[in-house]
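Input: a single structure, listed below in structure tokens.
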Amino acid sequence: MAIKQLSVFVENKQGSLHDITDALAKANIDLRSMCVADTSNYGIVRIIANDPDKAKELLDKDGHAANVRLVNAFAVPDQPGGLAKVLSLLEGHGVNIDYMYALITSEEGKAYSVMRTGNTEETDKILIENGIELLDESKLH
Amino acid sequence: MGNRKYFNEAIETMPVEEIKKLQSEKLVKQVAHVYNNVPYYRDLMDKKGVKPEDIHGIEDLYKLPFIEKSDLRESYPNGMLAVPLADCVRIQSTSGTTGKRVIAYYTQHDIDLWEECCARALVAVGADREDVVQVSYGYGLFTGGPGLNGGSHKVGCLTLPMSSGNTERQLQFMMDMQATVLCCTPSYAAYLGESLKEQGYTPDQIPLKAGIFGAEPWTQEMRRNIEQTLGIKAYDIYGLTEISGPGVAFECSAQGGMHINEDHFLAEIINPETGEPLPEGAKGELVFTCLDKEAFPVLRYRTRDICVLNREPCSCGRTHVRMAKPMGRSDDMMIIRGVNVFPSQIEAVLLAEGFSENYQIKLGRVNNSDTFDVYVELKPEQFDDSVKNITAMEKSLANAMRNMIGIGPAVHLVPPKTIARSEGKAKRVVDERNLHD
């Protein structure tokens, strides 16, 4: 199952990231992973959290540009070639990956990744059909 | 360069009292001509309760109504025409960036008058029959190229009608034809200078001796740079299509302000807030009245340029009043790469494309060329987690702006509430070009 990701459009300047994380901390939102993409003018902060909808609502109120969308999250064995296998599988299906980042968990022997592709639903199907372990949203709560 | 000092000595060195007398005589006739032939202006005068017989000389100028750029646009295409169309031989036009263009009509008399003004400007920088004048202003509807071209003919110079652009060809003709006078925008002159330097030319290898540069603001620092790289004297020129074109005023060898051709154009300085005339020497908005034009005689035209007039005697011997380089605008018009741009045009594009009206225009200057950036706050609902879409929106906005104003800015989308506000309103324009000394 695809999981919900929160993303926020922020200024590329000192303190932007802190403002966002601080606001979320005050609302007791637990961040599980985060990735920042930057350009010279702006950044996009992408967050996997325990309650993305509540987080967005909070950020909306503050006037931030926030978005919640589905992304694919899956686990691979924590060993060389583990990720390459999944990527090669997706490439074989012509799936284009927009971005990807790692998700830290305490589970030993497994590495979790989050990715956005051109088609989230189809990617999900490919992963399931090929027996790749998906991350369940319930694990984040 | 010849020894000729003036193109029209009798007029250019006429004692001030005589110039004023000449202006008064011409003004009375010009007002009657306009009143009798331009219904639009007759209505303006009637509304103000002024008749041509109330105007006895320049001391009565203040009684006349102003003409604004919007009046000229409203009367598009020929509502201000004062002679039968059959008597006209040419039109020129503004770039029309604020909506409708202003069409200026010329009879042969009007063309001659305008070209003589440009001829005076050329002689004032030392041009004579044996000179080679390279005109690198645009030709066409823009008045820059045709005006200096005609002036150069009148002086009897060999004229190179280069028009703007194609730098390689410009430089080749400059060297091969041994051009001695260059006419173009100051930023293009600076660019040509840099290009010559890159090709290994030193100033003494460049045949140019003088340049006439106008149509956009420039600083004393730019003047020094251009003079050094090209090994020339650089002179300023002022004009506007609404009045005739370049040559309304021009700089002489003293390089201390531009002599207004007062036998054709009557200048006033007014308070831009109240419209009240200010004494000579005060800083205010420059207003021009044509004195002897036939086809398109505009009276009390508000230029929106903030300026000072100087009646001190000039070392060149000319008696015509000098105007300082404009120090700014009384409206919010910007001149970017020679194109007139209003913030309201940017705003119109943003609204039409569904974007926030929180934006900021930033102007800078890199390598003598204007940089033009527009920052726009993204609306929260426009954000969809994709860099690709943000880039696509930036590109489509830049294209829409280019279609509207003729030049394309670099558009940058920024997060909501990040553009600085003062008193709740974002500061619309940050001009870091330092164009005014």
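The values are calculated or read from the model by the stated rules, or taken from the named source; none is laboratory data. Since we're looking at a predicted model, the values are computed, not measured. Neighbour counts run over all protein chains shown; Cβ positions are idealised from the backbone, glycine included.
Quick notes
- Selection of segment B:99-125 for residues being buried (at least 22 other Cβ atoms within 10 Å of the Cβ) and of a type in the set (V, I, T) yields B:V102, B:I103, B:V123, B:V125.
- Boolean, A:Q79 is more than 18 Å from B:K417 (Cα to Cα), exposed (fewer than 13 other Cβ atoms within 10 Å of the Cβ) and polar (S, T, N, Q): yes
- Residues (under 18 Å from A:M1 (Cα atoms) and within 14 Å of chain B (Cβ to nearest Cβ)) located in segment A:73-98: A:I97
- Selection status of A:V114, part of a loop (DSSP other than H, G, I, E, B), touching a strand residue (DSSP E or B) at 6+ places or on another chain (Cβ under 8 Å) and either within 14 Å of chain B (Cβ to nearest Cβ) or in contact (Cβ under 8 Å) with a residue 12 or more places away in the chain (or both): no
- Residues that are in a loop (DSSP other than H, G, I, E, B), polar (S, T, N, Q) and touching a strand residue (DSSP E or B) at 6+ places or on another chain (Cβ under 7 Å) are absent from segment B:105-115 altogether.
- Filtered residues of segment B:362-394 (kept if within 12 Å of another protein chain (Cβ to nearest Cβ) and assigned to a loop (DSSP other than H, G, I, E, B)): B:L378, B:K379, B:F383, B:D384, B:D385, B:S386
- Helices (runs of 4 or more DSSP H) enclosed by segment B:1-93 - at least 1 residues per element that are free of Cβ contacts under 8 Å to residues at least 60 places away in the same chain, surrounded by 17 or more Cβ atoms within 10 Å (Cβ to Cβ) and among the acidic types (D, E): B:69-74
- Selection within segment B:245-275 - in contact (Cβ under 8 Å) with a residue 40 or more places away in the chain and assigned to a loop (DSSP other than H, G, I, E, B): B:G245, B:C252, B:S253, B:A254, B:G256, B:G257, B:N261, B:E262, B:D263, B:H264, B:P272, B:G275
- All of B:L435, B:L413, B:L397 fail the test of being touching a residue at least 40 places away in the same chain (Cβ under 8 Å) and not in a loop (DSSP other than H, G, I, E, B), apart from B:L397.
- Residue selected from segment B:318-361 under the condition touching a Gly at 6+ places or on another chain (Cβ under 7 Å) and in a strand (DSSP E or B), by the criterion nearest to B:D305 (Cα to Cα): B:M323
- Considering A:T105, A:T123, the condition of being part of a loop (DSSP other than H, G, I, E, B), surrounded by 13 or more Cβ atoms within 10 Å (Cβ to Cβ) and not aliphatic (A, V, I, L, M) is satisfied by A:T105 alone.
- Of the numbered criteria (1) part of a loop (DSSP other than H, G, I, E, B); (2) more than 14 Å from chain B (Cβ to nearest Cβ), the one A:G63 fails is (2).
- Residue list for segment A:126-140, filter: part of a helix (DSSP H, G or I) and within 21 Å of A:A49 (Cβ to Cβ): A:E137, A:S138, A:K139, A:L140
- Every pair of residues 6+ apart whose Cβ atoms lie under 7 Å, when the first sits in segment B:300-328 and is over 21 Å from B:E273 (Cα atoms) while the second is of a type in the set (S, T, Y): B:C316/B:S253; B:G317/B:T13; B:R318/B:T13; B:T319/B:T13
- Here B:R322, B:R318 are screened, and the one residue that is at pLDDT 90 or above, surrounded by 19 or more Cβ atoms within 10 Å (Cβ to Cβ), assigned by TED's automatic domain parsing to the domain that holds B:K20 and in contact with a helix residue (DSSP H, G or I) (Cβ under 6 Å, 6 or more places away or on another chain) is B:R318.
- Residues that are within 31 Å of the chain's Cα centre (by Cα), surrounded by fewer than 21 Cβ atoms within 10 Å (Cβ to Cβ) and either under 18 Å from A:G43 (Cα atoms) or at pLDDT below 95 (or both), drawn from segment B:372-393: B:Y375
- A single entry from B:T229, B:T289 fulfils the requirement of being over 13 Å from the mean Cα position of the chain (by Cα) and surrounded by 23 or more Cβ atoms within 10 Å (Cβ to Cβ): B:T289.
- Lone unmet requirement of (1) without any contact (Cβ under 8 Å) to a residue 12 or more places away in the chain; (2) within 19 Å of A:H64 (Cα to Cα); (3) hydrophobic (A, V, I, L, M, F, W, C) for B:A392: (2)
- Of residues in segment A:39-59 being within 19 Å of A:R69 (Cα to Cα) and part of a strand (DSSP E or B), the one farthest from the other protein chains (Cβ to nearest Cβ): A:A49
- B:V133 meets all of the listed conditions (1) surrounded by fewer than 17 Cβ atoms within 10 Å (Cβ to Cβ); (2) closer than 30 Å to B:L158 by Cα but one, namely (1).
- Filter result (part of a loop (DSSP other than H, G, I, E, B) and out of contact with any Leu (no Cβ under 7 Å at 6 or more places or on another chain)) within segment B:299-317: B:R311, B:E312, B:P313, B:C314, B:S315, B:C316, B:G317
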